[in-house]
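Handing you a structure now.
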Amino acid sequence: MKKLFTILIVALMLVSIVACQKPKPAEQGKVFNIYAWNEEFKGFFEKYYKVPEGVTVNWIINPSDNGVYQQKLDEALLNQANAAADDKIDMFLAEADYIGKYVESDYTMDVTSFGFKNASTQYEYTIKAASDSKGVCKGVSFQCCPAAVIYRKSIAKDVLGTDVPEEVQAAIDSWEKFDAVAAQAKEKGYYMTASFAETFRAFSNNCTKPWVDENNNLQFDDQITAWIEQTEKYVQNGYTLTAGVWDQEKTNEMFATGKTMCFFGPAWYYNFCMNNAMDPNDGCVGDWCIVKGPQAYFWGGTWLLAATGSDNTEMLKDIFETFTVNTDVLKSMVKDDNQYVNNTDVVKEFAEDPNYGNTNILDGQNDIAVFYELAKDIKWENHTNYDQILNEGLQNKLQEYFKGSVDKETAMKNFYNYVKEQYNNIIVPEA
Amino acid sequence: MKKQPEMQGRVKSISYAKWGYIFIIPFFIVYILFTLVPQFLTVYNSFFENYRIGLTQVGPNYVGLENYKALFTPQSDGTILILKYTANTFILWIIGAIPQFVIAMLLAVFFTSGRLNIKGQGFFKTVIYMPNLIMAAAFSMLIYTLFSKVGPIQLFLEHQGIIDKTFDFFAYRVSVRGMIAFMNFIMWFGNTTIVLMAGIMGIDQSLFESATIDGANAWQVFFKVTLPLLMPIFVYCFITAMIGGIQMFDVPQVLTKGDGLPNETTRTLVMYLNRYLSGASRNYGAAGAISVIIFIMTGVLGFVVYKMLAAQYQEKRSAPKYHRRRQRGENA
């Protein structure tokens, strides 16, 4: 009897051990940490994504000025392996100017590892940007960022005698024509642009060589030189204000009282920079239209990258899907939030819809149709990991030159020193 | 008769000194861990190549004095950047420190003067100390907003026709340096006033009285009695203010967004250090070397200033002491 009892006990124990060893689905974490540099995506996330029960989402937001965001993020990523499961970054946001740095590293993980598949509706360049040199994709973009010229209709009417997009486009479809219109605008007492760097992206995005060559030499593309020459002329002739791209001095020009005709930006620009234009009292909703402008370009874009070590892979997959293939969400983002989403089916539907028009800020023009055409040509090339610091540094240092407080030579020297201090490995011309 | 020395002996043998040591142990532990060790580490780091390219770490490799050499390598036009930023730092500090000390001294004398007998001193002291309670960065942000191109001062002056639309306070060396000096002055003169007042109140009142009876006027009292006797406190104030000045960072950093506008004329040593340390490169080597240079500079200047200013009062003070000792010796 005793023996039988012992055997029974042992058998029970064995069963329980085997039962314990049965493979279970990977345990999902209870805390989801997201690094971001502003509140833009946070807004969409909170509006459209239903967080699974019991999961807390932590937003760690640092501004991107002077590279602060990247520094904080790098610090956290380098510590990722040692961090407690709940403190590990699960997802972080990256911008076109520096996404390569993270995609190429081991700190981001293959999206297929947690079962996400890129949809054929995603824009090709957004996938290329999020893939490393071997073609392994590490994240997705929730937006596509073809950029246009956003102009004030009333000012265009006064300057050109027309505010119809096709005719305005015909008047500014090359930089020579754009300059000529700037002179006309000046005569009428308007500014063509409100920031010395307003046209920067239109030039820099068409560069034919990267900022830094394979031997780490800093190089100036002809497009950058062309931008400097144009801005010199614009400042000298009073065609533009000398404010920075993000300055209040510039955004004040978007009030109804503003005197500036053209702004350069993609769809995210509406919500991000044009709040003054949408101000219920002093704004000028409906006085805006968009056209391609002198040169097609794209600007920025926010990619969501999966951080290696995340214990919330199901949620990652879910989020990625919500913002790339969930058509209900994406349609609402277009209609209500003025976004140009990363789904060709959705944007095509809007572009071909004769009843669709943007009335949140534009005059009812179908801006998606314009962006749809522009987005076809976007290519991902000539990007380096240094772009943010170099673009920002060049603008900051040259702003002083354009404002007249230093000469060009000094401004360039200050820029080279700035680069040297930020990136020890980049070889700059003798400063 | 015999008991007395015995008792004295016993009392002397109880040592309270150990409690003194015990009480200061926490300070020394914190100081060693968080100040002394990092200080040595900084020196150590300055001899290494140690920076990042993106997420890739370079070094640490021992490079000897290379980091120092790089800092003192002149540019193509002959300027040595670190010297330029040192000059900026001192200019910014001096133009703020002169009004700071003059006004503080004046106020300290007024407040302690028995003749003026100013009412409501508590109120004034609080008010002049107040700016020091604001975080420097916040104060700097405030001034930036006031003087920015869309700020109220610009708009007011434009409206009055005093300046035109193209005027920019941040495009002129004089105005930006002026703003920084002004902020430092406003923030620190209250503190200096209170310390100097304490110093003046520590001077024996009878000296002022006897000077007045001897017919000295206010100027003579100030220069012949107050100032010489205030010297130890004044030197303390001056040296601490100087150390603070050499480390000037937050005010110009926030005001000029780290760029030291215009043309880096308001870029201080610590701002220079900061870009190496917290910039994209995380260059501990270069940042360490700058820190060591700042440390040496502070030490040397502190010593020189102390010797120069303190020499006078030391002579005056030690003379009577020596005299007294000798007298006592003769009596014994």
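Quick one: putting +1 on the C-beta of Lys and Arg, -1 on the C-beta of Asp and Glu, what dipole do you get for segment A:132-200 around its Cα centre, in Debye to the nearest 20? Spell out each step's value before the answer.
Values: 8 positive and 10 negative charges, 59 e Å.
It comes to approximately 280 debye.
Another question, if that's okay. Identify, among B:Asn217, B:Gly202, B:Leu261, the residue whose Cα sits farthest towards the positive end of the charge dipole of segment B:173-262, taking +1 on the Cβ of Lys and Arg and -1 on the Cβ of Asp and Glu, with the dipole about the Cα centre.
Result: B:Leu261.
Additional query: Counting pairs of alpha carbon atoms under 8 Å apart in space and at least six apart in sequence, what relative contact order in percent does segment A:193-241 give? Mind dumping the intermediate values first?
Values: 40 pairs, mean separation 23.9, N = 49.
49 percent.
Got a sec to turn the phi values of segment B:260-265 into Karplus ³J(HN,Hα) couplings, 6.51 cos²θ - 1.76 cosθ + 1.60 with θ = phi - 60°, whole Hz, x for Gly and Pro?
Going residue by residue, I get x, 4, x, 6, 6, 7 Hz, with x marking Gly and Pro.
Please list the radius of gyration and Dmax for the protein assembly as shown, considering alpha-carbon atoms only, with Å as the unit.
Answer for the protein assembly as shown, Rg first and Dmax second: 33.8, 121 Å.
Please arrange B:Arg177, B:Arg115 by how many other C-beta atoms lie within 10 Å of their C-beta, fewest to most.
Details: B:Arg177 19, B:Arg115 9.
Fewest-to-most ranking of B:Arg177, B:Arg115: B:Arg115, B:Arg177.
Given charges of +1 on the Cβ of Lys and Arg and -1 on the Cβ of Asp and Glu, with all other atoms neutral, how large is the dipole of the protein assembly as shown about its Cα centre, in debye to the nearest 20?
Charge dipole, the protein assembly as shown, about its Cα centre: 5180 debye, nearest 20.
Taking the Cα centre as origin and putting +1 on Lys and Arg beta-carbons and -1 on Asp and Glu beta-carbons, what dipole magnitude results for segment B:1-131, to the nearest 20 debye? Don't skip to the end; give the middle numbers.
Details: 11 positive and 4 negative charges, 213 e Å.
Rounded to the nearest 20 debye, it is 1020 debye.
What are the residues whose amide H is under 5 Å from the amide H of A:Phe264, where those residues sit 5 or more places off or on another chain and H is modelled from the backbone?
A:Ile150
Could you list A:Lys153, A:Lys50 in order of exposure, starting from the residue whose Cβ has the fewest other Cβ atoms within 10 Å?
Numbers: A:Lys153 21, A:Lys50 7.
Ascending number of Cβ neighbours within 10 Å: A:Lys50, A:Lys153.
List every residue whose amide H lies under 5 Å from the amide H of A:Phe298, counting only residues 5 or more places away in sequence or on a different chain, with H placed 1.01 Å from N in the peptide plane.
When sequence neighbours closer than 5 places are left aside, the close amide H contacts are A:Ala147.
For a quick check: with amide H placed at 1.01 Å from N, whose amide H comes under 5 Å from A:Ile427's, ignoring anything fewer than 5 positions away on the same chain?
Amide H to amide H, under 5 Å and 5 or more residues apart or across chains, A:Ile427 pairs with A:Asn217, A:Leu218.
Now for a separate question. Per residue of A:240-251, how many C-beta atoms from partner chains lie within 10 Å of its own C-beta, taken as a mean? Write out the running numbers ahead of the final one.
Working: counts 0, 3, 4, 3, 1, 0, 0, 3, 5, 6, 2, 1.
Per-residue shielding by partner chains comes out at 2.
Over all residues in B:257-263, what is the mean tally of Cβ atoms on other chains that come within 10 Å of each residue's Cβ?
Working: counts 4, 3, 8, 1, 6, 5, 10.
The shielding value for this peptide is 5.
When A:Asp345, A:Asp132 are ordered from fewest to most other Cβ atoms inside 10 Å of their Cβ, what list results? Intermediate values should be presented prior to the final figure.
Numbers: A:Asp345 13, A:Asp132 16.
Fewest to most other Cβ atoms nearby, the residues stand as A:Asp345, A:Asp132.
Hey, what do the phi angles of segment B:180-186 turn into as Karplus ³J(HN,Hα) couplings, whole Hz, using 6.51/-1.76/1.60 and θ = phi - 60°, x for Gly and Pro?
Taking θ as phi minus 60°, the curve returns 5, 4, 4, 5, 4, 4, 4 Hz for segment B:180-186.
Have a look at the DSSP beta bridges in the protein assembly as shown and tell me what percent are antiparallel, nearest 5. Each step should come with its number before you reach the end.
Numbers: 28 of 40 bridges.
Taking every DSSP beta bridge with both residues in the protein assembly as shown, the antiparallel ones total about 70 percent.
Separation of segment A:115-144 and segment B:185-233 by C-alpha centroid, Å?
74
Laboratory data are not the source of any read-out in this text; all were calculated from the coordinates shown. Here the structure is a predicted model, which is why all the values come from computation and not from measurement. Heads up, the Cβs are rebuilt from the backbone with ideal geometry, glycines too, and the neighbour counts pull from every protein chain shown.
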